1. Sort 96-107, 57-68, 113-124 by the packing proxy (mean of other Cβ within 10 Å over each peptide's residues), most packed first.
2. Residue 87 versus residue 19, label points 7 Å from Cα toward the beta carbon: distance in nm?
3. What is the sum of charges, Lys and Arg at +1 and Asp and Glu at -1, for the other residues whose Cβ falls under 12 Å from the Cβ of residue 25?
4. Gain in length, residue 99 to residue 74, computed as 0.36 nm per residue apart minus the alpha-carbon separation, to one decimal in nm?
5. Take the residue pairs 25/109; 25/66; 66/109; 49/82; 67/111 and return only those whose Cα atoms are more than 23 Å apart.
6. Can you tell me the FRET efficiency between residue 66 and residue 30 if r is taken as the Cβ-Cβ distance and R0 is 25 Å, rounded to the nearest 0.05?
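Read-outs throughout are calculated quantities, based only on the coordinates presented, and are distinct from any laboratory measurement. Remember, predicted model here, so these are calculated numbers, not experimental data. Ideal geometry is used to build each Cβ from the backbone, glycine not excepted, and the neighbour counts take in all protein chains shown.
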Amino acid sequence: MAGILAGNDVEQEYLWSCTLSGSDKEYSWAPEDPATEGKEDEENDGNVKPGHRLLIKSAILMPSAKKDEVTIVQIESEGYNKKTVIVPICAMKGGSDYQQYVDLLVPTKAKFSLLQGKGPIHFLGSHCVDFSGFRDVEAGDSEEEDEATEDGVEMEEDEKAVKEKGDKKETPTKESKVDEKADKKTTPKEDKKRKASAEQAKSEEKKKKVNDPVGSAIEKAKKSSAK
């Protein structure tokens, strides 16, 4: 089971239990990460550091315990300012007490001892593993991915803009259309000018013929002899 704690921590919970009896009166809780995983995590990412906590929920004294015998279990652990704490956490009477609610959170390594009685007595709880800074690392990775996608989008937009500019250059503009219209408008005027100049040349030739009848007769004779 996993859950999000306050801040940027992710916690996973595992079922935990231990048994104390006359033949096995002590139990040490000292969780350690696998050597390979611990070294790799510290080298690769110092922000992700797993922490361990033990949540003891209940104690169960078996019916096989001696009647009217009181079974007492104590814990030895480290408290505030690294002071050693040794205190009983459970006292149950055989034949009358079978289950007891404990609800004790142990944040560091601890040792459980059967202080009195022979049990057997069982403890049940959850081993909690939290990863400090896990969400910070995850957020950093997502930010890098977002930046990469934004860069890709900007590059695509730049390429589209360049293509659009090239297409605009190839397509005819309004100025070119206006120039074409102006050319079309000016060509009829030029034709009229040419016709007028041709008519003036013809009229001048006619005038010459009228003013110089001898020359015109000679030209007619030349044309008739050539035929």
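1. 113-124, 57-68, 96-107
2. 2.9
3. 0
4. Separation in residues times 0.36 nm, less the Cα-Cα distance, equals 7.3 nm.
5. Result: 66/109; 67/111 exceed 23 Å.
6. 0.20
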